[in-house]
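Rule-based calculations on the coordinates, nothing more; no lab input. These figures come from a predicted structure and were not determined experimentally. Neighbour counts run over all protein chains shown; Cβ positions are idealised from the backbone, glycine included.
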Amino acid sequence: MIHFDNVTKAYPTQNRPALQHVNVAIDKGEFIFLVGPSGSGKSTFLRLILKEERPSQGHVHVAGKDLSRLSNWKVPHLRRRIGCVFQDFRLLPNKNVFENVAFALEVIGKPRRFIGKVVPEVIDLVGLEGKAHRMPDELSGGEQQRVAIARAFVNRPMILLADEPTGNIDPATSIGIMKVLDRINRTGTTVVMATHDAAIVDAFRKRVVELEDGRIIRDQSRGVYGQAY
Ligand code: ADP
Ligand code: ADP
């Protein structure tokens, strides 16, 4: 589903590349924790998958397509098939839960009847049944993140990218958020989650890919956050 083939990314203003000779293959349906200190290249890795950045060397393949050969006019189509969740939720403050999730479908021209059917299903899937009419500022941080996940997933993306999704959420609530991501993963969606949350990584024992100074230094199935070498 995602294949990095000897990818190096050097930003013009930096003397050290953000990613160096990264090789990794992520299969359809996998769940990956991407770990590593701040500045190790995690966000760059996610942005390359979205073609928000281009590799300086090497190739990124998504769903069998080499992104360097994907024409610019097809990039919106690629991004539509990849859901994104962020640390800071990024909800529309003047729309309620239903409208925030529905908006993701309205902008791609889905009919009102379809929206009326699938949005409540996804609101239930993320555990917000009964809260469709709440405004974001009436929700806890964990509930706001559930809305953001519902919005990212309502279009049934092939891939979900999550950048520190539990970074602003207390530990007990984070387990609930992680269960929602796990449930989405079990529908067949490939999930890549960049995280500093050691407790979550250690509790859920997924594949762990660790970056340090832009290089992969560990790729472990059913891994833990910090490895004693
Ligand atoms: P992480 O997400 O692990 O914190 P990043 O991918 O954000 O790592 O950053 C990796 C390195 O690339 C850092 O040295 C960072 O300063 C640099 N970097 C990231 N984005 C840019 C950018 N747009 N322009 C220049 N340098 C960048
Ligand atoms: P669902 O309601 O989606 O079925 P579950 O509570 O059954 O959610 O958990 C989903 C998955 O997450 C299961 O594979 C379970 O093993 C794992 N899981 C649930 N809670 C925890 C936890 N606290 N720590 C680690 N793994 C957990």
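Here residue 179 meets the list (1) within 16 Å of ligand 2 (Cβ to nearest atom); (2) buried (at least 16 other Cβ atoms within 10 Å of the Cβ) almost entirely, failing just condition (2). In the condition set (1) aliphatic (A, V, I, L, M); (2) in a helix (DSSP H, G or I); (3) in contact with a Ser or Thr (Cβ under 8 Å, 6 or more places away or on another chain); (4) more than 16 Å from ligand 1 (Cβ to nearest atom), residue 160 is compliant with all but (2). Just one of the numbered conditions (1) within 14 Å of ligand 2 (Cβ to nearest atom); (2) closer than 21 Å to residue 98 by Cα; (3) touching a strand residue (DSSP E or B) at 6+ places or on another chain (Cβ under 7 Å) is not true of residue 185; which one? Failed condition: (2).
A single member of 223, 188, 214, 167 is more than 15 Å from the chain's Cα centre (by Cα) and either more than 16 Å from ligand 1 (Cβ to nearest atom) or within 24 Å of residue 139 (Cα to Cα) (or both), and it is 223.
Being outside any loop (DSSP other than H, G, I, E, B), of a type in the set (Val, Ile, Thr) and within 14 Å of ligand 2 (Cβ to nearest atom), is that true of even one residue in the stretch 200-219? So that I can check it myself, show each step before the final result.
Keep residues of the stretch 200-219 that are outside any loop (DSSP other than H, G, I, E, B), which gives 200-204, 207-212, 215-219.
Among the residues that remain, those that are also of a type in the set (Val, Ile, Thr) are: 200-201, 208-209, 216-217.
Narrowing the set further to residues that are within 14 Å of ligand 2 (Cβ to nearest atom) leaves 200-201.
For the stretch 200-219, residues outside any loop (DSSP other than H, G, I, E, B), of a type in the set (Val, Ile, Thr) and within 14 Å of ligand 2 (Cβ to nearest atom): present.
Scanning the stretch 181-199 for residues that are farther than 22 Å from residue 38 by Cβ, in contact with a helix residue (DSSP H, G or I) (Cβ under 8 Å, 6 or more places away or on another chain) and part of a helix (DSSP H, G or I) turns up 182, 183, 184.
Picking from residues in the stretch 208-219 that are crowded, with 17+ Cβ neighbours inside 10 Å and not aliphatic (A, V, I, L, M), the one that is farthest from residue 35 (Cα to Cα) is 214.
Need a quick list: helices (runs of 4 or more DSSP H) entirely within the stretch 1-116 having at least 3 residues that are surrounded by fewer than 18 Cβ atoms within 10 Å (Cβ to Cβ).
The helices (runs of 4 or more DSSP H) meeting that bar are 75-80, 97-106.
In the condition set (1) within 19 Å of residue 224 (Cβ to Cβ); (2) in contact (Cβ under 8 Å) with a residue 60 or more places away in the chain; (3) not acidic (Asp, Glu), residue 175 is compliant with all but (2). Count of the stretch 55-79 residues, restricted to those that are of a type in the set (D, E, K, R) and under 19 Å from residue 26 (Cα atoms), is 3. Might you let me know whether the stretch 2-24 holds any residue that is in contact (Cβ under 8 Å) with a residue 60 or more places away in the chain and closer than 15 Å to residue 82 by Cα? Within the stretch 2-24, one or more residues are in contact (Cβ under 8 Å) with a residue 60 or more places away in the chain and closer than 15 Å to residue 82 by Cα.
Scanning the stretch 63-82 for residues that are among the small types (Gly, Ala, Ser) and in contact (Cβ under 8 Å) with a residue 12 or more places away in the chain, we see that the one that is farthest from residue 5 (Cα to Cα) is 63.
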